[in-house]
Amino acid sequence: MNSSCGDYWRTGLVGQELIKILEERNFPTNSIRLYASDHHAAKNSFVKHQEVSVQEISPQSFRGIDIAFFSSGPEVSRYYAPLAVQNGALVIDTAVTSERIKMSRWSY
(Lines give C-alpha, C1' and ligand atoms only; values in the text may rest on other atoms or scores of the structure.)
Protein backbone atom coordinates (compact mmCIF):
# COMPACT_ATOMS: atom_id res chain seq x y z
CA MET A 1 0.00 0.00 0.00
CA ASN A 2 1.36 3.40 -0.93
CA SER A 3 0.62 6.39 1.26
CA SER A 4 0.74 10.12 0.93
CA CYS A 5 3.01 11.54 3.61
CA GLY A 6 3.41 15.01 4.99
CA ASP A 7 6.50 16.00 6.92
CA TYR A 8 6.08 19.12 9.06
CA TRP A 9 9.44 20.42 10.21
CA ARG A 10 11.59 23.43 10.80
CA THR A 11 14.05 22.47 8.08
CA GLY A 12 16.11 20.99 10.90
CA LEU A 13 18.09 17.84 11.45
CA VAL A 14 15.19 15.73 12.73
CA GLY A 15 13.10 16.32 9.60
CA GLN A 16 16.10 15.73 7.34
CA GLU A 17 16.94 12.49 9.16
CA LEU A 18 13.33 11.32 8.88
CA ILE A 19 13.39 11.78 5.12
CA LYS A 20 16.72 9.96 4.95
CA ILE A 21 15.30 6.98 6.88
CA LEU A 22 12.15 6.84 4.72
CA GLU A 23 14.36 6.75 1.64
CA GLU A 24 16.78 4.14 3.03
CA ARG A 25 13.92 1.83 3.99
CA ASN A 26 12.14 2.42 0.68
CA PHE A 27 8.98 3.50 2.51
CA PRO A 28 6.09 3.13 0.06
CA THR A 29 4.69 6.56 -0.76
CA ASN A 30 2.85 8.11 -3.64
CA SER A 31 4.02 11.53 -2.57
CA ILE A 32 5.84 13.36 0.18
CA ARG A 33 4.95 16.96 0.94
CA LEU A 34 7.18 19.14 3.09
CA TYR A 35 5.83 21.93 5.28
CA ALA A 36 7.32 24.49 7.64
CA SER A 37 6.36 27.71 9.39
CA ASP A 38 6.22 30.86 7.29
CA HIS A 39 9.81 31.93 7.96
CA HIS A 40 11.17 28.51 6.91
CA ALA A 41 8.87 27.89 3.94
CA ALA A 42 9.95 28.50 0.36
CA LYS A 43 13.16 26.55 0.87
CA ASN A 44 13.88 23.40 -1.06
CA SER A 45 14.92 19.93 0.01
CA PHE A 46 15.69 16.70 -1.83
CA VAL A 47 13.46 13.64 -1.53
CA LYS A 48 14.32 10.55 -3.56
CA HIS A 49 16.77 12.60 -5.61
CA GLN A 50 14.09 15.14 -6.56
CA GLU A 51 13.98 18.72 -5.40
CA VAL A 52 10.85 19.43 -3.36
CA SER A 53 9.68 22.88 -2.32
CA VAL A 54 8.93 23.38 1.38
CA GLN A 55 5.46 24.90 1.66
CA GLU A 56 4.02 27.03 4.45
CA ILE A 57 1.93 24.92 6.82
CA SER A 58 -1.78 25.72 7.10
CA PRO A 59 -4.93 23.93 8.29
CA GLN A 60 -5.56 22.91 4.66
CA SER A 61 -2.17 21.15 4.42
CA PHE A 62 -3.65 17.87 5.67
CA ARG A 63 -6.03 17.18 2.80
CA GLY A 64 -5.05 13.89 1.19
CA ILE A 65 -2.35 13.10 3.75
CA ASP A 66 -2.38 9.55 5.15
CA ILE A 67 0.58 9.91 7.51
CA ALA A 68 1.74 13.21 9.02
CA PHE A 69 5.19 13.32 10.56
CA PHE A 70 5.78 16.24 12.92
CA SER A 71 9.29 17.25 13.94
CA SER A 72 8.73 20.93 14.48
CA GLY A 73 8.31 21.39 18.21
CA PRO A 74 5.44 21.15 20.68
CA GLU A 75 3.74 24.47 19.86
CA VAL A 76 3.17 23.55 16.23
CA SER A 77 2.16 20.00 17.13
CA ARG A 78 -0.42 21.11 19.69
CA TYR A 79 -2.17 23.21 17.08
CA TYR A 80 -1.78 21.19 13.87
CA ALA A 81 -1.71 17.53 14.96
CA PRO A 82 -5.40 17.49 15.98
CA LEU A 83 -6.27 19.04 12.58
CA ALA A 84 -4.32 16.28 10.84
CA VAL A 85 -6.19 13.62 12.84
CA GLN A 86 -9.54 15.24 12.02
CA ASN A 87 -8.61 14.98 8.34
CA GLY A 88 -7.92 11.25 8.70
CA ALA A 89 -4.12 11.26 9.00
CA LEU A 90 -2.09 9.09 11.31
CA VAL A 91 0.17 11.46 13.28
CA ILE A 92 3.72 10.54 14.24
CA ASP A 93 5.26 13.30 16.31
CA THR A 94 8.79 13.54 17.69
CA ALA A 95 7.78 16.48 19.93
CA VAL A 96 5.12 14.33 21.60
CA THR A 97 7.67 11.70 22.42
CA SER A 98 10.06 14.21 23.89
CA GLU A 99 7.35 15.80 26.03
CA ARG A 100 5.81 12.45 27.03
CA ILE A 101 2.35 13.53 25.94
CA LYS A 102 0.09 10.58 25.25
CA MET A 103 -1.12 10.11 21.68
CA SER A 104 -4.63 9.44 23.01
CA ARG A 105 -4.87 13.15 23.70
CA TRP A 106 -5.43 13.62 19.95
CA SER A 107 -7.88 10.77 19.48
CA TYR A 108 -11.39 11.83 18.62
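Brief remarks on what is shown
- Within segment 65-83, the residues that satisfy the criterion of being over 16 Å from V54 (Cβ atoms) and touching a Ser or Thr at 6+ places or on another chain (Cβ under 6 Å) are D66, I67.
- Take the conditions (1) touching a helix residue (DSSP H, G or I) at 6+ places or on another chain (Cβ under 8 Å); (2) surrounded by 15 or more Cβ atoms within 10 Å (Cβ to Cβ); (3) farther than 17 Å from L13 by Cα; P59 misses just one of them, which is (2).
- Residue check, G88 in contact (Cβ under 8 Å) with a residue 60 or more places away in the chain and out of contact with any strand residue (DSSP E or B) (no Cβ under 9 Å at 6 or more places or on another chain): no
- Restricting attention to segment 46-64, the residues that are in a loop (DSSP other than H, G, I, E, B) and over 16 Å from K20 (Cα atoms) add up to 4.
- Leading residue by the ranking (modelled with the lowest pLDDT) among those in segment 14-26 that are farther than 16 Å from E51 by Cβ and surrounded by 11 or more Cβ atoms within 10 Å (Cβ to Cβ): V14
- Meets criteria (touching a strand residue (DSSP E or B) at 6+ places or on another chain (Cβ under 9 Å), at pLDDT 85 or above and of a type outside the set (F, W, Y)) for G6: no
Yes or no, residue by residue, for (1) of a type in the set (F, W, Y); (2) within 14 Å of the chain's Cα centre (by Cα); (3) at pLDDT 90 or above; (4) within 15 Å of Q16 (Cα to Cα):
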| position | (1), (2), (3), (4) |
| --- | --- |
| P28 | no, no, no, no |
| I32 | no, yes, no, yes |
| N44 | no, no, no, yes |
| D66 | no, yes, no, no |
| V85 | no, yes, yes, no |
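- Looking across segment 62-82, the residues that are of a type in the set (A, V, I, L, M, F, W, C) and either closer than 24 Å to F27 by Cα or surrounded by 22 or more Cβ atoms within 10 Å (Cβ to Cβ) (or both) come down to F62, I65, I67, A68, F69, F70, A81.
The values are calculated or read from the model by the stated rules, or taken from the named source; none is laboratory data. Everything numeric here is computed off the predicted structure, so don't read it as measured data. Quick reminder, even Gly has a Cβ in these numbers, built from the backbone with ideal geometry, and neighbours come from all protein chains shown.
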